[in-house]
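Everything on this sheet refers to the single structure shown next.
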Amino acid sequence: MTTLLVKNAQLLVTMDDHRREISDGGLFIRDGFIEQVGNTRDLPQQADEVVDLSHHLVLPGLINTHHHFYQTLTRAVPAAQNANLFNWLTTLYPIWARMTPEDIRISTQTALAELALSGCTTASDHLYLFPNGSKLDDEIEAAQAIGVRLQASRGSMSLGQSKGGLPPDSVVDSEEHILVDSERLIQRYHDPRPGAMVQIVLAPCSPFSVTGDLMKQSAALARKYGVHLHTHLAETQDEEQFTLQSFGYRPVAYMQSVDWVGNDVWFAHSVHVSPEEIEVYAREGCGVAHCPSSNMRLASGIAPIRQMLKAGVKVGLGVDGSASNDSSHLLAEVRQAMLLARLKAGLEGASLSSTGSELLTARQALELATRGGAAVLGRKDIGSLEPHKCADFIAIDLQQLDLAGALHDPLAAIVFCQSVKVNWNFVQGKAVIKEGKLVGLDLPTHIEKHNRAARRLVEA
């Protein structure tokens, strides 16, 4: 039995059902779970470990609902800098085909280190190609050194160019092996209990890289074991044209035809969806991983997030691949989501009141990265700071240059002002970031190793 007392936070933001924001707030934690939340004076005054967070803003840990860790190795590749999604993919597929298991491990730790420093405590990653003996196991094992929760998505591609798909045949796999390996990973790693550090997700890559039969069989396998389903959907107009020509359906209707709707499903992007399709999401309980930076970077469009939220759709945030962002800074993605939603409102000629009621607020944007992300991933143990939830929280020092003069509303300030790194990050009550420093990895040594691997891949 171990206890942790967090005290004297200038402001503690719970994101609970009442959206309480507590001045001079604190947490009392036992064995990785929150036992008490409140004003510091109302909490026990002793614990095995005490952390004084005076002058800090404390928030629930941020939740990343879509990423491709391996892409940290191919940031800003010249030939892919000015391409749309399909051309970007065809440029990078041959480079990714050279990756080794060690590349998977290196890139996993790079992405998770960057995420942790930006406030992420739970990350969903979508690994969908496994060249040269690579396995999802390589990612899962490498993640342990960082200490961030992992929703490890067993991605897959089976529809190569010779069968009418987009990816080259060199990076696709047989559907039989995909399903066998998916079941192996669930049996070995998936932990359904509250506080789980690893959960498995089944995630065929996209409608243009797998067959409808694999989609159906993956859905059946996931539901046999009670794990979630994830894929890219409605990211570009090219995809819409592909599904109409190949299957006779728009992307969302195609998902319905292959049993891919329900509370256990979430889609990355959903930029090009109609009001009727948003209603399908809301009615069926599907979630959306909104990736604003990636959508801008690849000129894919602006997802109708305000409309989704009004309809009751579960929406979380994703930094997406670090070759289409090209960053893994989750707090920056919160800011980007707020600004892009406001831009879309203006472009649509939204009738703005004097209070700006049609604009996505800073608090709503932060909800996407906390409560929203937890709902999308189907996790009831994270996303807010309240009794019985996991002790996943972050703290930001408010006495720093980027936030100077912004103490009128510290919570809004961390979204409106330039995005900063966090000073503390705790996962299950254990420090992942301590006084601004990553605990589990020697960063200078790791960055040097990462850069060597990136040069080898791109310059080969």
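The values are calculated or read from the model by the stated rules, or taken from the named source; none is laboratory data. No experiment lies behind these values; they were computed from the predicted model shown. FYI the Cβ positions are ideal-geometry reconstructions off the backbone, even for glycines, and counts take in every protein chain you see.
What are the pairs, 6+ residues apart or on separate chains, where a residue within region 36-64 that is in the same structural domain as Ala413 (by TED's automatic domain parsing) has its Cβ under 9 Å from a residue that is surrounded by fewer than 13 Cβ atoms within 10 Å (Cβ to Cβ) and of a type in the set (S, T, N, Q)?
Every condition considered, the pairs that remain are Asn39/Ser23; Ala47/Thr2; Asp48/Thr2; Glu49/Thr2; His55/Gln399; His56/Gln399.
Which one of the conditions (1) outside any strand (DSSP E or B); (2) under 18 Å from Leu377 (Cα atoms) does Ala268 fail to meet, given that it meets all the rest?
Tallying (1) outside any strand (DSSP E or B); (2) under 18 Å from Leu377 (Cα atoms), Ala268 fails exactly one: (1).
Could you figure out which of (1) surrounded by fewer than 23 Cβ atoms within 10 Å (Cβ to Cβ); (2) in contact with a Lys or Arg (Cβ under 7 Å, 6 or more places away or on another chain) isn't true of Arg250?
Status for Arg250: all satisfied but (2).
Mind checking whether some residue in region 347-357 is surrounded by 24 or more Cβ atoms within 10 Å (Cβ to Cβ), part of a loop (DSSP other than H, G, I, E, B) and not hydroxyl-bearing (Ser, Thr, Tyr)?
Restricting attention to region 347-357, the residues satisfying the condition of being surrounded by 24 or more Cβ atoms within 10 Å (Cβ to Cβ) are none.
There is no residue in region 347-357 that is surrounded by 24 or more Cβ atoms within 10 Å (Cβ to Cβ), part of a loop (DSSP other than H, G, I, E, B) and not hydroxyl-bearing (Ser, Thr, Tyr).
Do the conditions hold for Gly312, that is, is it in contact with a Gly (Cβ under 9 Å, 6 or more places away or on another chain) and within 30 Å of Tyr225 (Cα to Cα)?
Criteria not met by Gly312.
Kindly list the number of the only condition in (1) at pLDDT below 95; (2) on the phi > 0 side of the Ramachandran plot that fails for Ala234.
In the conditions (1) at pLDDT below 95; (2) on the phi > 0 side of the Ramachandran plot, Ala234 misses (1) alone.
Any idea which residue in region 428-446 is surrounded by the fewest Cβ atoms within 10 Å (Cβ to Cβ), counting only those that are among the hydrophobic types (A, V, I, L, M, F, W, C) and not in a loop (DSSP other than H, G, I, E, B)?
Among those that are among the hydrophobic types (A, V, I, L, M, F, W, C) and not in a loop (DSSP other than H, G, I, E, B), it is Leu443.
Just checking, which of Thr355, Thr370 is of a type in the set (Val, Ile, Thr), assigned by TED's automatic domain parsing to the domain that holds Trp88 and modelled with pLDDT under 95? Steps first, answer last, please.
Working: Thr370 fails: modelled with pLDDT under 95.
Every option except Thr355 fails the conditions.
Looking only at region 280-318, count how many residues are part of a loop (DSSP other than H, G, I, E, B) and either more than 17 Å from Ala374 (Cβ to Cβ) or assigned by TED's automatic domain parsing to the domain that holds Leu57 (or both).
Here the count works out to 8.
If you go through region 122-137 one residue at a time, how many are surrounded by fewer than 24 Cβ atoms within 10 Å (Cβ to Cβ) and aliphatic (A, V, I, L, M)?
Selection size over region 122-137: 2.
Any residue at all in region 376-391 that is in contact (Cβ under 8 Å) with a residue 60 or more places away in the chain, of a type in the set (A, V, I, L, M, F, W, C), part of a helix (DSSP H, G or I) and surrounded by 16 or more Cβ atoms within 10 Å (Cβ to Cβ)? Break it down stepwise before answering.
Going residue by residue through region 376-391, those that are in contact (Cβ under 8 Å) with a residue 60 or more places away in the chain are 376-391.
Cutting the leftovers down to of a type in the set (A, V, I, L, M, F, W, C) gives us 376-377, 382, 385, 390-391.
From what's left, part of a helix (DSSP H, G or I): 376-377.
Okay, now just the ones that are also surrounded by 16 or more Cβ atoms within 10 Å (Cβ to Cβ), so 376-377.
Yes: one or more hits.
Being under 17 Å from Val265 (Cβ atoms) and not β-branched (Val, Ile, Thr) narrows it down to one of Ser206, Ser158, so name that one.
That would be Ser206, the only listed residue that is under 17 Å from Val265 (Cβ atoms) and not β-branched (Val, Ile, Thr).
Right, Ala113: surrounded by fewer than 18 Cβ atoms within 10 Å (Cβ to Cβ), assigned by TED's automatic domain parsing to the domain that holds Ser153 and not polar (S, T, N, Q) or not?
For Ala113, the condition - surrounded by fewer than 18 Cβ atoms within 10 Å (Cβ to Cβ), assigned by TED's automatic domain parsing to the domain that holds Ser153 and not polar (S, T, N, Q) - is not met.
Tell me, yes or no, whether region 99-107 has at least one residue that is under 30 Å from Ala391 (Cα atoms), assigned by TED's automatic domain parsing to the domain that holds Glu240, touching a residue at least 60 places away in the same chain (Cβ under 8 Å) and not in a loop (DSSP other than H, G, I, E, B).
For region 99-107, residues under 30 Å from Ala391 (Cα atoms), assigned by TED's automatic domain parsing to the domain that holds Glu240, touching a residue at least 60 places away in the same chain (Cβ under 8 Å) and not in a loop (DSSP other than H, G, I, E, B): present.
If Glu276 meets every condition in (1) free of Cβ contacts under 8 Å to residues at least 40 places away in the same chain; (2) part of a loop (DSSP other than H, G, I, E, B); (3) among the acidic types (Asp, Glu) apart from one, which number is that one?
(2)
Does region 40-50 contain at least one residue that is buried (at least 21 other Cβ atoms within 10 Å of the Cβ) and either touching a strand residue (DSSP E or B) at 6+ places or on another chain (Cβ under 7 Å) or modelled with pLDDT of 95 or more (or both)?
Here is the first cut: in region 40-50, the residues buried (at least 21 other Cβ atoms within 10 Å of the Cβ) are 40.
From what's left, either touching a strand residue (DSSP E or B) at 6+ places or on another chain (Cβ under 7 Å) or modelled with pLDDT of 95 or more (or both): 40.
Yes; the residues of region 40-50 include at least one that is buried (at least 21 other Cβ atoms within 10 Å of the Cβ) and either touching a strand residue (DSSP E or B) at 6+ places or on another chain (Cβ under 7 Å) or modelled with pLDDT of 95 or more (or both).
In region 408-423, is there at least one residue being over 18 Å from Val334 (Cβ atoms) and under 25 Å from the mean Cα position of the chain (by Cα)?
Kept after step one, since they are over 18 Å from Val334 (Cβ atoms), are these residues of region 408-423: 408.
Now drop any that are not under 25 Å from the mean Cα position of the chain (by Cα), which leaves none.
No, region 408-423 contains no residue that is over 18 Å from Val334 (Cβ atoms) and under 25 Å from the mean Cα position of the chain (by Cα).
Here is a list of conditions, (1) surrounded by fewer than 23 Cβ atoms within 10 Å (Cβ to Cβ); (2) modelled with pLDDT of 95 or more; (3) not aromatic (Phe, Trp, Tyr), and Gly119 meets all of them except one; can you say which number that is?
(1)
Based on what the data block shows, is Ala142 in a helix (DSSP H, G or I), under 15 Å from the mean Cα position of the chain (by Cα), farther than 24 Å from Ser206 by Cα and of a type in the set (Gly, Ala, Ser)?
Criteria not met by Ala142.
When you scan region 51-64, do you find a residue that is assigned to a loop (DSSP other than H, G, I, E, B), at pLDDT 95 or above, acidic (Asp, Glu) and farther than 30 Å from Trp266 by Cβ, even just one?
Taking every residue of region 51-64 in turn, none turns out to be assigned to a loop (DSSP other than H, G, I, E, B), at pLDDT 95 or above, acidic (Asp, Glu) and farther than 30 Å from Trp266 by Cβ.
Read through the list (1) in the same structural domain as Ala196 (by TED's automatic domain parsing); (2) charged (D, E, K, R); (3) farther than 28 Å from Phe33 by Cβ, then give the number of the only condition that Arg455 fails.
(1)
Which number in (1) of a type in the set (A, V, I, L, M, F, W, C); (2) surrounded by fewer than 21 Cβ atoms within 10 Å (Cβ to Cβ); (3) assigned to a helix (DSSP H, G or I) marks the one condition that Leu331 misses?
Going through the list (1) of a type in the set (A, V, I, L, M, F, W, C); (2) surrounded by fewer than 21 Cβ atoms within 10 Å (Cβ to Cβ); (3) assigned to a helix (DSSP H, G or I), Leu331 breaks only (2).
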